[in-house]
Amino acid sequence: MYPAPKSNTSFARLTRVVLPYVQISTSGVVPLAYHYSRPVIATSIGGLPEIVKEGQTGFLVDPGSEQALSEAICRGFRDPSMLSAMGARGHAWFSTEHSWSEVARQTLELYRSLQ
């Protein structure tokens, strides 16, 4: 779990976070977006498909596809309640699956499996 700032007025004003990466392994921006209950529209490269759940916490598009990216962005404008629900699901999922207690549990489980 990534520590989130106590106040980030820039993220608080967003309705969605768009990450049109063409090359990346992972992004620290996604946890920040989920902290503020914002859905994520990202390219499906690197580790992003593991943390952006297609249709649940945001949308994934092919890298370099300007049309797919613009369609995903416009889809959110047509259905803002869908985006709000995606942001809430992202917040709930990340807060549960990547909480400090869950990370500690998984780490302990791994250590025990190596004995």
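The values are calculated or read from the model by the stated rules, or taken from the named source; none is laboratory data. This structure is a prediction, so every number in the text was calculated from the model and none was measured. When we count neighbours, we look across all protein chains shown, and the Cβ atoms used for this are built from the backbone with ideal geometry, even at glycine. The area values use the complete protein model at the heavy-atom level, side chains included, leaving out ligands, DNA and RNA. Shrake-Rupley method; radii C 1.70, N 1.55, O 1.52, S 1.80 Å.
Suppose only helical runs count, i.e. DSSP H with n ≥ 4. What mean residue ellipticity at 222 nm does that imply for the chain under -39500 (n - 2.57) per run, divided by all residues and rounded to the nearest 500 deg cm²/dmol?
Mean residue ellipticity at 222 nm (helix-derived): -15500 deg cm²/dmol.
Note the angle between two axes, namely the Cα long axis of helix 66-78 and the longest principal axis of the Cα atoms of the chain, as a number of degrees from 0 to 90, rounded to the nearest 10.
It is inclined by approximately 90 degrees.
Quick one: divide the alpha-carbon radius of gyration of the chain by 2.2 N^0.38 Å and tell me what you get.
1.14
Let me check I've understood the local charge: for Gln56, count other residues with C-beta under 13 angstrom from its C-beta, Lys and Arg +1, Asp and Glu -1. What total comes out?
-1
Which one, Thr57, Trp100, Val22, is farthest towards the positive end of the dipole of the chain when Lys and Arg carry +1 and Asp and Glu -1 on their Cβ?
Trp100
Which whole-number percent is the relative contact order of the chain (Cα, under 8 Å, 6+ apart)?
Relative contact order comes out at 27 percent.
For the chain, report the accessible area per residue in Å² (1.4 Å probe, heavy atoms, rounded to an integer).
Accessible area per residue: 61 Å².
Where nothing but the Cβ of Lys and Arg (+1) and of Asp and Glu (-1) is charged, how large is the charge dipole of the stretch 29-111 around its Cα centre, in debye to the nearest 20?
Roughly 260 debye, rounded to the nearest 20.
Give me the angle, in degrees from 0 to 90, between the Cα long axis of helix 100-113 and the longest principal axis of the Cα atoms of the chain, rounded to the nearest 10.
50
Check Gly58: other-chain or 5+ apart residues with amide H under 5 Å from its amide H, H built from backbone geometry?
Val40, Lys53
Counting only protein heavy atoms, what percent of the accessible surface of the stretch 26-115 is carbon or sulfur at a 1.4 Å probe?
After summing per-atom areas, the C and S share lands at 56 percent.
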